[in-house]
Amino acid sequence: MHRESGVHTRRPWTWLVPATLLTLGTGCGGAEGDPSGTTSQAEAPSGESGSGTNPVASTPSEPPPALQPETGVPAPEAGAEVGSEGTQARPWFLRLGGPQDDIGTGLAVDGAGDISLVWLSTPREDEEREAVPGQRRGLTLAKYGPDGVPRWVRDFSRMRVASPRVAAAPSGDVFLAGNAFLYPLDFGLGEANDGFLVKFSGEGQPLWQRRAGQKVYGVAADGEGGVLVTAEEWTPEGPVPVLAHHDAQGAFLWTRQLDRVDEGTRLHALALAPSGRTLLAGRLVGTLTVDGRTFGSAGGQGLLLLAFERDGRLAWGKELRGVEGHVTGLRPERDGGAVLVGELRGSLSWGGTRLSGAEAFVLAAGPEGAERWAQPLACDAKPAVPSVALDDAGQVVAICGGTLSAYAPEGSQRDQRTLPPGECPEGDCPVAGTTLDFIPGQGFTLAGYQRHGARAGNAWDQEAFLRLLAP
């Protein structure tokens with residue numbers, strides 16, 4: 001991607017530890033859960049290596065810290081409370097999975113700094129690799145403390161799920177959304193069909209579930225135990241975008257179906273602003289009329305950012321006509337603005353900057369959609385889906401493949417670097433982040449996948465990971 005305005009200088013990336021500290025060692029362990037889903041409290045699953053889930057923590061360089069029993073996670077230093085003022089967080093790494101291919105697809109941080117994570121497991125059967133003993137298919141939902149210690153793990157075996165994602169309420173409740181594209185699923189509350197939404201307690205017990213639409217794409221928790229979802233219903237005339245806000249018991253606070261849109265429209269990125277407004281962004285093909293205002297153009301395409309009031313009425317909208325691309329990540333800013341990341345083919349002009357090429361981008365919009373800044377976003381792996389998070393100082397951090405990029409609140413690039421692997425006895429493990437979030441007082445937590453033995457032939461294994469990149 002080419003950036004045609006401005007010159008920026010790079011400053012040290014103060015929150016990211018040196019690569020040498022992130023090249024970590026690890027142990028192994030794992031267990032396959034019951035098909036109906038099992039919960040283990042406050043400890044890592046144990047059992048034969050290579051079966052089921054395998055949450056393993058890594059240990060930093062010498063001298064190694066003390067390990068907490070049965071977890072393999074570095075224990076806090078004596079007298080130090082993790083996350084307390086004046087205590088520097090220690091980076092950690094969890095290798096998750098087994099002999100099958102595993103990938104972290106969603107994570108979210110709650111009010112206590114606990115991390116909710118969902119990852120998928122898929123058998124290693126493709127043109128190059130044969131099946132291996134012990135491989136499995138399934139979905140795993142888990143919660144970890146800010147120090148990497150497991151709170152609980154729920155394992156749902158033999159499930160085929162598309163695009164699972166999570167949201168975390170400040171209270172610790174967890175929302176799981178995804179698509180049951182072949183057959184109904186059971187998370188303990190009966191059949192979950194199509195695009196589903198399930199609420200779990202902070203201890204991992206299922207509370208209620210709802211059908212969100214034919215497909216669900218985004219989920220965001222509010223501050224009162226409720227949740228927002230963006231989904232899509234299919235009609236003979238074309239897809240219909242759906243927005244819905246559920247309260248803590250699953251009842252509708254409001255819901256609305258937008259006008260039918262042309263094929264290729266992807267209004268999938270969702271966020272909840274501190275003001276209570278709902279932010280929705282994505283690609284628009286053709287036109288869309290919302291509360292009397294028309295966006296887009298017949299036969300055209302572009303990017304669209306919409307804000308809805310607390311009752312579901314349109315507050316404002318901003319469009320970039322003629323832009324060919326997608327929005328893959330969206331985060332609200334405290335003042336009512338938003339930061340977006342996505343993919344671009346062609347050109348995009350925003351905030352006095354023109355981006356061009358076939359790469360990823362990050363841009364910031366102010367209140368009411370005012371143009372702030374745009375930057376190209378480096379990716380070192382394709383396909384890769386960019387993701388973004390903000391810290392409590394407004395710094396923007398994005399991941400695209402295995403490349404992390406940091407930007408000041410005003411848009412200048414602070415740093416860019418390749419994410420080193422965690423535990424990697426082979427010495428060469430391609431790594432890609434898929435989603436990240438910020439833990440106040442700790443740092444950025446990141447999920448994705450890491451491939452082992454990928455350069456050595458056709459027997460490589462892909463495993464999910466969760467890690468903390470500490471200040």
**Asked** Tell me, Kirkwood radius of region 327-471 from alpha-carbon pair distances, in Å?
**Response** 15.9 Å
**Prompt:** Considering only protein heavy atoms, what per residue accessible area in square angstrom results for region 130-243 with a 1.4 angstrom probe?
**Reply:** 34 Å²
**Solvent-accessible area per residue, Å², over region 325-471 with all protein chains present [probe radius 1.4 Å]** = 32 Å²
**Request:** Give the carbon-plus-sulfur fraction of the accessible surface of region 117-156 in %, rounded to a whole number; probe 1.4 Å, heavy atoms of protein chains only.
**Result:** 43 percent
**Fill in**
With R₀ set to 22 angstrom, the calculated FRET efficiency between the beta-carbons of Thr122 and Asp428, to the nearest 0.05, is 0.45
**Dipole moment magnitude, nearest 20 debye, region 363-471 about Cα centre, only Lys, Arg, Asp, Glu C-beta charged** = 220 debye
**Message:** So if each residue of separation counts as 0.36 nm, and I subtract the Cα-Cα distance between Glu371 and Arg334, what length gain in nm does that give?
**Reply:** 11.7 nm
**Prompt:** Separation between the Ser412 and Arg313 pseudo-spin-labels, each 7 Å from Cα along Cα→Cβ, expressed in nm?
**Reply:** 4.2 nm
**Message:** If each residue of separation counts as 0.36 nm, what is the full-extension length gain between Asn193 and Asp259 once their alpha-carbon separation is subtracted?
**Reply:** 21.4 nm
**Complete:** Computed over region 269-368, the relative contact order (Cα-Cα under 8 Å, seq sep at least six) in percent reads 22 percent
**Asked** Where does the Debye-calculated log10 I(q)/I(0) of region 99-155 sit at q = 0.12, 0.14, 0.15, 0.30 Å⁻¹, using only Cα point scatterers of equal weight, no solvent?
**Response** -0.36, -0.47, -0.52, -1.15
**Request:** Please express the Cα-Cα pair-distance distribution P(r) of region 110-249 as a list of whole percents, one per 10 Å bin, running from 0 to the bin with the greatest distance.
**Result:** 12, 39, 32, 14, 3, 0
**Request:** Measure of size requested: the Rg and Dmax of region 373-439, with Cα atoms as the atom set and Å as the unit; please supply both.
**Result:** 12.7, 41
**Cα Rg, Dmax (largest Cα-Cα span) when computed across region 286-360, Å** = 13.3, 39
**Complete:** The percentage of the accessible area of region 416-471 (probe 1.4 Å, all protein chains present) made up of carbon and sulfur atoms, to the nearest whole number, is 49 percent
**Request:** Would you mind checking which residues have amide H under 5 Å from Phe187's amide H? H placed 1.01 Å from N; only 5 or more apart, or other chain.
**Result:** Ala192
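Take the solvent-accessible surface of the protein heavy atoms, probe 1.4 Å, and return the percent of it on region 216-286 that carbon and sulfur atoms account for.
Taking all protein chains in place, region 216-286 shows 48 percent carbon and sulfur surface.
Which shape class applies to region 331-399: rounded if a/c is under 1.5, otherwise prolate when a/b exceeds b/c and oblate if not, where a ≥ b ≥ c are the square roots of the Cα gyration tensor eigenvalues?
The shape class here is oblate.
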**Asked** Ranked from highest to lowest mean number of other Cβ atoms within 10 Å per residue, what is the order of the peptides 255-267, 137-149?
**Response** 137-149, 255-267
**Message:** Rounded, prolate or oblate for region 235-365? Axes are the square roots of the Cα gyration tensor eigenvalues, ordered a ≥ b ≥ c, and the cut-off for rounded is a/c under 1.5.
**Reply:** oblate
**Item:** Burial ranking of peptide ranges 184-190, 392-398, 462-468, 301-307 (average Cβ count within 10 Å, highest at the top)
**Value:** 462-468, 301-307, 392-398, 184-190
**Request:** Treat every Asp and Glu Cβ in region 253-349 as -1 and every Lys and Arg Cβ as +1, leave all other atoms uncharged, and give the resulting dipole magnitude about the Cα centre to the nearest 20 debye.
**Result:** 120 debye
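The values are calculated or read from the model by the stated rules, or taken from the named source; none is laboratory data. Predicted, not measured: the structure shown is a model, and the values here were computed from it. Note that each Cβ is placed from the backbone with ideal geometry, even for glycine, and that neighbours are counted across all protein chains shown. In case anyone asks, the SASA skips ligands and DNA or RNA and just uses the protein heavy atoms, side chains included. Shrake-Rupley method; radii C 1.70, N 1.55, O 1.52, S 1.80 Å.
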